[in-house]
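Only one structure is covered here, and it is reproduced in the block below.
The values are calculated or read from the model by the stated rules, or taken from the named source; none is laboratory data. All values reported here derive from a predicted model rather than from experimental measurement. Positions of Cβ are backbone-derived with ideal geometry, glycine not excepted, and every protein chain shown enters the neighbour counts. The protein model used for the area step is the full one, side chains on, heavy atoms only, and it has no ligands, DNA or RNA in it. Shrake-Rupley method; radii C 1.70, N 1.55, O 1.52, S 1.80 Å.
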Amino acid sequence: MNTGTYDLTKKRILVTGGAGFIGSHIVDQLSKAGNDIVVFDNLSSGKIDFLGKHLDQPYFNLFEGDLLNDSEIEEACENIDIVFHVAANPDVKLGMTDTKVHFNQNIKATYNVLEAVRKKKIQNIAFTSTSTVYGEATVIPTPENYGPLVPISLYGASKLSCEALITSYSHTFNIKSWIFRFANIIGDRGTHGVIVDFIRKLRQNPEILEILGDGKQSKSYLHVEECVKSIMFSIENSKDEVNIFNIGSEDIITTTRIGKIIAEEMGLENVEFTYTGGKRGWKGDVPKMSLSINKLKEKGWKPELNSEKSVRLTVKELLRD
Ligand code: NAD
């Protein structure tokens with residue numbers, strides 16, 4: 001197993017979900033660092049346009065396939081040095097109405113990735129997990145060693161299951177792993193989440209913004225470019241068999257404040273905010289989320305943008321499209 005630090009240059013890298021929001025930004029950074037990249041994606045929410053500048057480049061290959069098809073992912077894993085497993089169904093709300101989607105797209109898909117990694121003797125895997133594995137944590141900001149982990153959404157449960165599969169494969173088959181527990185990641189190419197929803201609602205009706213819950217939900221937001229930089233930094237600076245990192249900003253921002261920033265950036269002065277009520281936006285919504293990023297800071301990485309600045313920059317980027 002690779003127990004030293006890992007140099008992310010001149011590698012052959014597979015990115016599952018590489019046509020998606022975060023995945024395509026990971027591809028941008030990895031290609032800048034001089035790696036060969038294979039994107040594995042079924043384009044269910046990902047977009048070819050997000051990969052536009054890479055499509056005809058010699059370092060790049062797109063493998064259109066589905067993670068639920070084990071032979072396809074096994075074929076894509078041929079001669080790969082490290083897998084970035086980013087593909088998932090990230091829609092937390094969906095678990096209320098569809099109890100199978102996260103089981104299949106997250107747990108089963110991750111099992112198929114791990115089996116392909118094992119069979120092709122790949123020694124490194126990085127995984128995009130989530131703050132929702134902590135559930136309603138009583139320690140805030142929540143550190144990586146917080147426990148017990150009691151997710152309250154089916155999505156959070158599925159990601160925690162994926163983490164457990166990855167750590168056990170790491171130990172059993174000598175595979176080095178990195179698990180990144182993200183706060184809310186936002187930015188250019190974002191296709192889902194509160195900012196995208198609010199912009200859509202305000203474009204439909206610039207006078208009223210309905211906010212799910214009481215608007216006081218307070219969470220950490222981080223711009224996607226900083227998220228990707230921190231992933232690269234962590235991979236290059238950690239030596240354990242299993243390396244778990246929180247990734248977020250150091251402050252939190254309320255949902256109402258996000259609505260106000262969006263209204264300001266859209267030039268709307270008299271928006272009436274209405275609330276569906278209750279402390280959560282939906283069943284499974286965690287009202288307060290802030291991650292301790294001390295582990296990353298101690299290694300020497302710190303985000304440049306706080307939540308407010310990440311949100312404002314994202315709104316400007318999304319309004320440009
Ligand atoms: P996204 O929907 O934009 O990207 C997911 C990608 O995976 C898409 O390109 C999609 O087409 C692909 N995909 C989905 N199912 C697939 C399958 N069965 N086979 C092949 N490809 C498949 O989502 P995102 O926001 O970029 O999220 C990326 C990762 O980060 C996910 O693992 C998500 O759980 C995690 N995450 C995201 C956030 C956030 O704030 N965006 C927060 C925490 C964790």
| For the chain, modelled as a GNM with alpha-carbon contacts under 10 angstrom, which of G190, G259, G34 fluctuates the most? | G34
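What relative contact order, as a whole-number percentage, does the chain give when Cα pairs under 8 Å and 6 or more residues apart are counted?
Worked out over the chain, it gives 19 percent.
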| request: Run the quick spin-label model on K216 and T274: label points 7 Å from Cα toward the beta carbon, then report their separation in nm to one decimal. | output: 2.2
| query | Taking a probe of 1.4 Å, how large is the accessible area per residue of segment 244-284, in Å²? | reply | 50
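With every protein chain present, what is the per residue accessible area of segment 105-166 (1.4 Å probe, Å²)? Can you show the working numbers first?
Working: 2370 Å² over 62 residues.
That works out to 38 Å² for each residue.
Which three semi-axes in whole Å describe the equivalent ellipsoid of the chain, each the square root of 5 times a Cα gyration tensor eigenvalue, listed largest first?
Semi-axes from the Cα gyration tensor: 32, 21, 19 Å.
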| request: Take the alpha-carbon centre of segment 58-89, take the same for segment 160-232, and report the distance between them in whole Å. | output: 22
| query | Over the alpha carbons of segment 228-296, what is the largest minus smallest coordinate on each principal axis, giving the biggest first in Å? | reply | 53, 30, 16
| said: Looking at the chain as a GNM with Cα springs under 10 Å, which of M289, M266, M232 has the largest mean-square fluctuation? | reply: M266
| So what does the Cα-only Debye profile of segment 109-248 read at q = 0.13, 0.15, 0.19 Å⁻¹, as log10 I(q)/I(0), no solvent term? | -0.67, -0.86, -1.21
| field | Amide H contacts under 5 Å for A126, placed H, 5+ residues apart | value | V83, F84, H85, W178
| remark: Rounded to one decimal in nm, the spacing of the 7 Å Cα→Cβ label points at R320 and E75 is 3.8
| Scaled radius of gyration (Cα, divided by 2.2 N^0.38 Å) that segment 201-319 gives | 1.24
| query | Taking the chain as a Gaussian network, where each spring joins two C-alpha atoms under 10 Å apart, which residue of A109, A164, A88 fluctuates the most? | reply | A164
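Using helices alone, what [θ] at 222 nm do you get for the chain, with -39,500 (n - 2.57) per DSSP H run of 4 or more residues, divided over all residues and rounded to the nearest 500?
Helix-only estimate at 222 nm: -10000 deg cm²/dmol.
Dividing the alpha-carbon radius of gyration of segment 107-157 by 2.2 N^0.38 Å (N being the number of residues), what value is obtained?
1.45
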| remark: Stokes-Einstein, Kirkwood over Cα pairs, segment 58-164, 37 °C, 0.692 mPa s; D in µm²/s equals 219
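Grab the Cα-Cα distance for K100 and F233, subtract it from 0.36 nm times how many residues apart they are, and report the gain in nm with one decimal. Can you show the working numbers first?
On the way: separation 133, 0.36 × 133 = 47.88 nm, distance 3.46 nm.
Taking 0.36 nm per residue and subtracting the Cα distance, the gain is 44.4 nm.
With the full set of protein chains in place, find how many percent of the accessible area of segment 130-201 is carbon and sulfur; take the probe as 1.4 Å.
After summing per-atom areas, the C and S share lands at 58 percent.
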| For the chain, share of DSSP beta bridges that run antiparallel, in % to the nearest 5 | 5
